[in-house]
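Notes follow the structure.
Please treat every number below as a calculation from the coordinates, not as lab data. Fair warning: this is a prediction, and the values are worked out from it, not measured in the lab. All Cβ positions, even for glycine, are placed from backbone atoms using ideal geometry, and neighbour counts span all protein chains on display.
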Amino acid sequence: MAQREQIEQHLATELAVERFKDYGPNGLQLEGRASVNRLVSGVTASLALIDAAIADGADAILVHHGLFWRGQDGRLVGWLRQRVARLMAHDISLFAYHLPLDAHPTLGNNAQLGRQLGLQADGRFGEQDLGVIGPAGTATSAGALAHQVQATLGRPPTLLPGDGRPLRRVAWCSGGAQGYFEAAIAAGADAFLTGEISEPQAHLSRETGVAFLACGHHATERYGAPALGEHLAQRFGLAHRFIEIDNPA
Ligand SMILES: [Zn+2]
C-alpha cells in the first residue's frame, strides 16, 4: 500500500522526468483515490485497458501512452471524454510516462526490448539521447535478426536487409523512432530496429546498406511499463498486473 503522492514523487526522481522535452505531460495525468494497493500497467490508456483495470479492481493505472498530447484542442468530448469519465467514475489514478520510460537505463522500453533480444547497449545517440546502440548479439545477419525478432515479439518485422554486411553494431529505439535512422547510421550501426517505418527509410536502407527493421510500435513498447510496474510493486508492496491489449500497429 502506498500513497498516490509517494508513487508520483518516486517516479519523478527515478525516471528523471524533468530532463525530457516531451509531447505530453509526464506524471500523474488524472488524480484518483489517495492510496494505492492494486496497480495495473499497460502500454496505452485506451478504453479497453481502462475497462480491464476496472474489472481488476485497480486503484491506479501506469502507462507509456497517456491521454493528453500536444496538438489536441483540449476538449473533453467523444472518446477522450469516455476514457476520462470511466476513470473518474471509479476514482482511478492515471500515471503516464512517455520519453522518460523509453529512456530509463534498466526499466525503460529500450533497455527491456534489448533484454528480450539479447542486446546490451554501450552507447546512446539521437535527439535527447533516446537511441541506443551496442554490439550485435547472436544474430550476425539482418535475416537472422529478423527471425529473432519474430520469435521474440511474436510477429514478423518489416525488413529492409541492407547490403548483406555482417552485423557488428546494432542500434534500436522503441516506438515511432524511424526518424532516428540517419542518426543510427552516423553512430555506426549495421542495423537499426524500431517500431515503425515511413517511406524514406526504405530508400535510406538501400542507399546506405544499413539494415532497417520495423518491429511494431506496440510490440517494441510493451516491456517498459510492466518492468516499471513490477519495480513499484516491489518498492511499495503493491499488487501489480500488466494487462496486454493487443495492437497490430
Ligand atoms: Zn510510443
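Quick notes
- Among beta bridges that DSSP assigns inside segment 13-111, antiparallel share in %, nearest 5: 25
- Rounded to the nearest whole Hz, the Karplus-based 3J(HN,Hα) values (6.51 cos²θ - 1.76 cosθ + 1.60, θ = phi - 60°) of segment 53-58 follow the sequence 5, 4, 4, 7, x, 5, with x at glycine and proline.
- The long axis of helix 199-208 is offset from the longest Cα principal axis of the chain by roughly 40 degrees.
- Packing here is the average count of other Cβ atoms within 10 Å per residue, and on that basis the peptides 44-50, 82-88, highest first, run 44-50, 82-88.
- Cα-only radius of gyration and Dmax that characterise segment 1-100, units Å: 12.9, 36
- Per-residue ellipticity at 222 nm from helix content only, as computed over the chain with -39500 (n - 2.57) for each DSSP H run of at least four residues, stands at -10500 deg cm²/dmol.
- Under 5 Å, built H, 5+ apart or other chain: amide partners of Ala136: Arg169, Val170
- Site pair Arg168 and Ala48 shows an inter-label distance of 4.3 nm when each label is modelled 7 Å from Cα along Cα→Cβ.
- Amide H to amide H distances under 5 Å link His240 with Leu39, where only residues 5 or more positions off or on other chains count and H is placed in the peptide plane.
- Per-residue Karplus couplings for segment 27-32, computed as 6.51 cos²θ - 1.76 cosθ + 1.60 with θ equal to phi - 60°, are listed in order as x, 6, 8, 8, 8, x Hz, Gly and Pro entered as x.
- Residue with peak Gaussian network fluctuation, the chain [Cα springs, cutoff 10 Å], from His217, His64, His231: His231
- Scattering curve values for the chain, log₁₀ I(q)/I(0), Debye with Cα scatterers, q = 0.09, 0.12 Å⁻¹: -0.40, -0.69
- Listed peptides 132-138, 224-230, 151-157 by packing density, highest first (mean Cβ within 10 Å): 224-230, 132-138, 151-157
- Mean projected area of the Cα convex hull of segment 22-61, taken over all directions, amounts to 3.2 nm².
- Restricting the calculation to alpha carbons of segment 54-107 gives Rg and Dmax of 13.1, 38 angstrom.
- C-alpha long axis of helix 142-153 to longest principal axis of the chain, angle in °: 20
- Most tightly packed first, judged by the mean number of other beta-carbon atoms within 10 Å of their residues, the peptides 26-36, 204-214, 4-14 read 204-214, 26-36, 4-14.
- Folded to 0 to 90 degrees: helix 78-89 orientation relative to the chain principal axis, Cα: 50
- Close amide H partners of Ser93, meaning residues 5 or more places away or on another chain with modelled amide H under 5 Å apart, are Gly32, Arg33, Ala60, Ile61.
- Mean separation of Cα contacts under 8 Å, 6 or more apart, over the residue count of the chain: relative contact order %: 21
- Among His64, Leu76, His90 - extreme Cα towards positive end, dipole of segment 45-96, charges at beta-carbon: Leu76
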